[in-house]
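K.L.:
Got a structure for you, written out below as structure tokens; questions coming shortly.
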Protein chains: 2
Amino acid sequence: MTELEHYIKSYFGVVEAKELQTIGSLFKLTEIKKGDYFLKTGNPCNDLCFIQSGLMRIYVDTPDKELTQWISTPGYFVADLSSLIFETPARWTIQALTDCVVYNITKQDYNKIGNLVPQWHLLEKLFIAKCFTILEDRIFSHLSMSAEERYTLFFENNKELFNQVPLQYIASMLGMTPETFSRIRKKQVS
Amino acid sequence: MTELEHYIKSYFGVVEAKELQTIGSLFKLTEIKKGDYFLKTGNPCNDLCFIQSGLMRIYVDTPDKELTQWISTPGYFVADLSSLIFETPARWTIQALTDCVVYNITKQDYNKIGNLVPQWHLLEKLFIAKCFTILEDRIFSHLSMSAEERYTLFFENNKELFNQVPLQYIASMLGMTPETFSRIRKKQVS
DNA sequence: TTAATTCCTTGATTTTTGTCAAGAGCTTAA
DNA sequence: TTAAGCTCTTGACAAAAATCAAGGAATTAA
């Protein structure tokens, strides 16, 4: 059983082995080199991938600055969900921060799964609902917490990320400037 | 065809009339009086409703203040999605801001739809994905915009709300204090 | 190895936003 | 009708965070 299949099984509970294999077989193991783009803002999102190893950054260029929306780690799916599902132009650019190994599926194959595995749309619903809940928490953190509190919360839950990616990306993701981020870190150490 | 059925049809495209009716028949037209609670933080979310008329506020009490997460308007579903789907305690309190007429469905009936209407999980997936996209936009607004910019964007798209609900709720929802909100409004007028 | 980049830190300053306090206008209920 | 609550506004001030500018450390490329 691949890591992807294991993930789907562990996340969604009982799925028959045969169906799990059907899903798994549509994903192809692929390498993405550091710096390569998985998706660019404005293009259609034609792929969905599951990170086996490596890190990817989801961001967007605005006229004045670059905004990191999220950094994806192994064990998670990556795509511009809105573009993939509703066939709209991608809002996000997705780039490999390190060399990555991913399980990739094309939009065409992705759209076939629903016909092959009856429970697929239910699984998808659960998965997307989980993502929705995570975003709700994130909104809540912006409504109720200071930059320092957001930093602390994120640091506690993602310590390992801090020595793997440029910190300015994390700062952006948490909604603060690199300077503010740096000052908060200094305070935390002492 | 009820407004609810019309909404489901318009939103999700082709659904057979019979199935639409099956779904619609499980929702019961109910009144919720101003000030009544649809759901309280900590309880299980046992219902999902679709607002026919009236306004509901989704919020949470924190030790120091009350935070409004969202104000729901006619034509939308209301529930604590995470609690409804994953059977966790509700994070949000949901209260009627005005007298409301809603189509209500119990969790038990809601969970039956999947067996009665094959496409239901697909429809749900699309609906939740849409909600996810809206939250993505909202996060983006917190990463990239000032309080004033968030105000302007929201005002442009929700003018009608401003004379129907206490403005402090809108302020909270946009992540600012009532005082800041008030000062921004003053500036906008002049 | 050296030069060029990129990334992070730090200080000084400005801007934005929050806090505290008071009061005015409405609404609601006795 | 009057008093009690809300709600919103305003001012003075404080705190948080952004901006601007410079320099140092680390990484990358020639």
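K.L.:
Would you kindly calculate the translational diffusion coefficient of the protein assembly as shown, applying Stokes-Einstein with the Kirkwood radius from alpha carbon pairs, for 37 °C and a viscosity of 0.692 mPa s, and quote it in µm² s⁻¹ without decimals?
P.N.:
In µm²/s, the coefficient is 146.
K.L.:
With the Cα gyration tensor of region A:57-162 giving a ≥ b ≥ c as the square roots of its eigenvalues, does the rule (a/c under 1.5 for rounded; else a/b larger than b/c for prolate; else oblate) give rounded, prolate or oblate?
P.N.:
In terms of gyration-tensor shape, prolate.
K.L.:
Quote the total accessible area buried by chains B and A together, excluding ligands, DNA and RNA, probe 1.4 Å, nearest 100 Å².
P.N.:
Chains B and A together bury roughly 3300 Å² of accessible area.
K.L.:
Additional query: Report the label-to-label distance for A:L167 and B:T106 in nanometres (one decimal), using points 7 Å from each Cα along the Cα→Cβ vector.
P.N.:
If labels sit at A:L167 and B:T106, their model points lie 5.6 nm apart.
K.L.:
Once the label point is set 7 Å along the Cα-to-beta-carbon vector, what list of distances in nm do you get between B:E160 and its counterparts in the other copies?
P.N.:
Values, ascending and in nm: 4.9.
K.L.:
Still on this model: Measuring from a point 7 Å out along Cα→Cβ, what nm distances, shortest first, does A:K65 have to its partners in the other copies?
P.N.:
2.3
K.L.:
While we're looking at this one, here's another question. Residue by residue through B:135-146, how many Cβ atoms from other chains fall within 10 Å of the Cβ on average?
P.N.:
Averaged over the peptide's residues, the number is 6.
K.L.:
Would you work out if region B:145-190 is rounded, prolate or oblate? Take a ≥ b ≥ c from the square roots of the eigenvalues of the alpha-carbon gyration tensor; rounded if a/c is under 1.5, else prolate when a/b is larger than b/c, oblate otherwise.
P.N.:
Rounded shape, in that the Cα axes give a/c under 1.5.
K.L.:
When Cβ neighbours within 10 Å are restricted to other protein chains, what is their mean count per residue of peptide B:117-128?
P.N.:
Partner Cβ neighbours, averaged per residue: 5.
K.L.:
Compare B:I134, B:I51, B:I85 in a GNM of chain B, Cα atoms joined below 10 Å, and give the one with the largest fluctuation.
P.N.:
Comparing B:I134, B:I51, B:I85 in a Gaussian network model of chain B, the most mobile one is B:I134.
K.L.:
Averaged over A:165-176, how many beta carbons belonging to a partner chain fall within 10 Å of each residue's beta carbon?
P.N.:
Partner Cβ neighbours, averaged per residue: 1.
K.L.:
Starting from the Cα of A:T41, step 7 Å along the direction of its Cβ; do the same at B:E66; then give the gap between the two resulting points in nm.
P.N.:
3.8 nm
K.L.:
Semi-axes of the equivalent ellipsoid of region A:23-97: what are they in whole Å, largest first, if each equals the square root of 5 times a C-alpha gyration tensor eigenvalue?
P.N.:
The three semi-axes for region A:23-97 are 20, 16, 10 Å.
K.L.:
Please work out the Cα center distance from region B:1-40 to region A:1-40, rounded to the nearest Å.
P.N.:
Each part's Cα centre sits 36 Å from the other's.
K.L.:
Here's something else I'd like to know. According to the Cα gyration tensor, what semi-axes, each the square root of 5 times an eigenvalue, does the equivalent ellipsoid of chain B have, listed from largest to smallest in whole Å?
P.N.:
Over the Cα atoms of chain B, the semi-axes work out to 31, 18, 16 Å.
K.L.:
With a 1.4 Å probe and every protein chain kept in, tell me what percent of the accessible surface of chain B is carbon plus sulfur.
P.N.:
Roughly 53 percent, rounded to a whole number.
K.L.:
Counting Lys +1, Arg +1, Asp -1, Glu -1, what net charge surrounds A:L39 among other residues with beta carbon under 9 Å of its beta carbon?
P.N.:
-1
K.L.:
Can I ask one more? Distances in nm, one decimal, shortest first, from A:V189 to the same residue in every other copy, taking the label point 7 angstrom along Cα→Cβ.
P.N.:
5.0
K.L.:
So which of B:K28/B:K65; A:K9/A:K125; A:K9/A:K107; A:K125/A:K159 end up more than 23 Å apart, counting from Cα to Cα?
P.N.:
B:K28/B:K65; A:K125/A:K159
K.L.:
Specify the inter-centroid distance of region A:110-130 and region A:160-178, based on alpha-carbon positions, in whole Å.
P.N.:
Region A:110-130 and region A:160-178 have Cα centres separated by 33 Å.
K.L.:
Which one of B:L153, B:V101, B:Y59 has its Cα pushed farthest toward the positive end of the charge dipole of region B:27-158, where Lys and Arg give +1 and Asp and Glu give -1 at the Cβ?
P.N.:
Among B:L153, B:V101, B:Y59, the one farthest towards the positive end of the dipole of region B:27-158 is B:V101.
K.L.:
Assign one of three labels to region A:62-121, namely rounded, prolate or oblate, based on the Cα gyration tensor with a ≥ b ≥ c the square roots of its eigenvalues; rounded applies when a/c is under 1.5, prolate when it is not and a/b is larger than b/c, and oblate otherwise.
P.N.:
It comes out oblate by the Cα gyration axes.
K.L.:
Express the accessible area of region A:1-67 per residue in Å², computed with a 1.4 Å probe while the remaining protein chains stay in the model.
P.N.:
56 Å²
K.L.:
Which value, in Å² and to the nearest 10, is the accessible area of B:T98 when all protein chains are kept and the probe is 1.4 Å?
P.N.:
40 Å²
K.L.:
Still on this model: I need to check one value: relative contact order of chain B, counting alpha carbon pairs closer than 8 Å and at least 6 residues apart, in percent.
P.N.:
Value for chain B: 23 percent.
The values are calculated or read from the model by the stated rules, or taken from the named source; none is laboratory data. As the structure is a prediction and not an experimental result, all values here were calculated from the model. Glycine gets a Cβ as well: all are built from the backbone with ideal geometry, and neighbour counts include every protein chain shown. Keep in mind that these areas ignore ligands, DNA and RNA; they rest on the heavy atoms of the full protein, side chains included. Shrake-Rupley method; radii C 1.70, N 1.55, O 1.52, S 1.80 Å.
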